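Taking it in order: structure first as structure tokens, then the write-up.
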Amino acid sequence: MGRLAEWRRIARAHPAVVDALLAAALFVAGLLPVNPPEAPLSLAAVLLAAIGSGALAVRRRHPLPVLAVTTVTVVLAQLAGVARGPMVLTVAIAAYTVATRADRRTAAVAGLVGALAVGAAAIATLGVVGPDPAVVVLLLWIGVAVAVGDAVRSRRAYVAVLAEGARRAERTLRPEEARAPTEPAPSLNRLDALVEGFSTGQPVRWTVAGQPRPLPTEVDVAAYRIIQESLTNAHRHAPGAAVAVRLRYDPDGVAIEVRDTGAEKPPSPEPSAGLGLPRIRERAEAVGGTFTAGPRPDGGWSVRAELPAAEEQAE
């Protein structure tokens, strides 16, 4: 059990590495023959397996394009008669990823298009008329993947709401975060006021890249809180150091970076030291995002978080 928890921790801390390993494993599996006499290993089979599985390495950053690439490669492999091993799993995994990061309607439409394309190619390849058990199994793989992904997305949103309620209740153990009832809800729309509040006695500058847009409430709150916690940590552990806040809007989410130049001398430890980073990680992972933190090569500390929020998810 302890080893499993450790693997989960590593996977959460290094999602890109996990996706790269997954892509490599599926590439190898994609070379396994289904029917050796009918599906000989060829250059086309190797190339299509490499493209389809390799696309999964960036599935979290570009879920819809990855689903399109995997679908096209599987369809081409089927029509060319070089489909080998569990290549269709690349489509199922890509469809699952879309469902975890897009709204339900987008995920359903994208999954349906992928399933119909793969099913039609399978029917044409097998030369059957009407539903065939093998085709039905292919469609079920993709349908189940979309359903599971949607359930994961819904659970993350639910957990985010519960976590925010718990944090509000926690402010009575943490009086420094107590707020007046009439204060506006946390939102990136109030980022300038947040940064200004921390600028007293410590130089803080902030930049925004991309086109700002409304975000789902849970993502908006999580992004604001991550920046707030990071600024609090910088103020606590690197007093007087220059701090830079960078917020970037991408088509599939927002990226946050808060970094400081480091303290001239280590500050005295406080009772709450060490609690900031776990809270930031919890906020990021509660909405399906990723989080990394660590010392910078030229000194200081850096906190990075990427939160998924496709443009269609704006509320």
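The values are calculated or read from the model by the stated rules, or taken from the named source; none is laboratory data. On a predicted model such as this, the values are computed, not experimentally measured, just so you know. As a convention, Cβ positions derive from the backbone with ideal geometry for all residues, glycine included, and neighbour counts pool all protein chains shown. Please note that ligands, DNA and RNA were not included when accessible areas were found on the heavy atoms of the full protein model with its side chains. Shrake-Rupley method; radii C 1.70, N 1.55, O 1.52, S 1.80 Å.
Taking label positions 7 Å along the Cα-Cβ direction at both Val113 and Ala20, the computed distance is 3.0 nm, reported to one decimal.
Highest mean first, the peptides 55-67, 89-101 sorted by other C-beta atoms within 10 Å per residue fall in the order 89-101, 55-67. Amide H to amide H, with H built 1.01 Å from N, Asp250 comes under 5 Å of Ala255, counting only residues 5 or more places away or on other chains. In terms of packing, defined here as the mean over residues of other Cβ atoms within 10 angstrom, the peptides 217-228, 138-149, 188-199 line up highest first as 217-228, 138-149, 188-199. Computed from backbone phi, the HN-Hα couplings of segment 138-143 come to 4, 5, 5, 4, 6, x Hz, rounded to whole numbers (Karplus: 6.51 cos²θ - 1.76 cosθ + 1.60, θ = phi - 60°; Gly and Pro given as x). Projected label points at Ser42 and Leu277, each 7 Å from Cα along the beta carbon direction, are separated by 5.2 nanometres. Across segment 241-246, computed HN-Hα scalar couplings (Karplus, 6.51 cos²θ - 1.76 cosθ + 1.60, θ = phi - 60°) run 6, 5, 10, 10, 10, 10 Hz from first to last residue, x flagging Gly and Pro. With the simple spin-label model, which puts each label point 7 Å out from Cα in the Cβ direction, the Gln202 to Asp132 separation comes to 6.5 nm. Looking at segment 43-125, the accessible area is 39 square angstrom per residue; that uses a 1.4 Å probe and ignores ligands, DNA and RNA.
What the phi angles of segment 287-298 give under the Karplus curve with 6.51, -1.76 and 1.60, with θ = phi - 60°, is a coupling list of 10, x, x, 10, 8, 9, 8, x, x, 8, x, 9 Hz, glycine and proline written as x. The calculated FRET efficiency for the pair Ala147 and Ala120, based on their C-beta separation and a Förster distance of 25 Å, comes to about 0.70. With R₀ fixed at 22 Å, the C-beta to C-beta distance from Asn189 to Arg296 puts the FRET efficiency at about 0.15. At a probe radius of 1.4 angstrom, the accessible area of segment 199-268 per residue rounds to 45 square angstrom.
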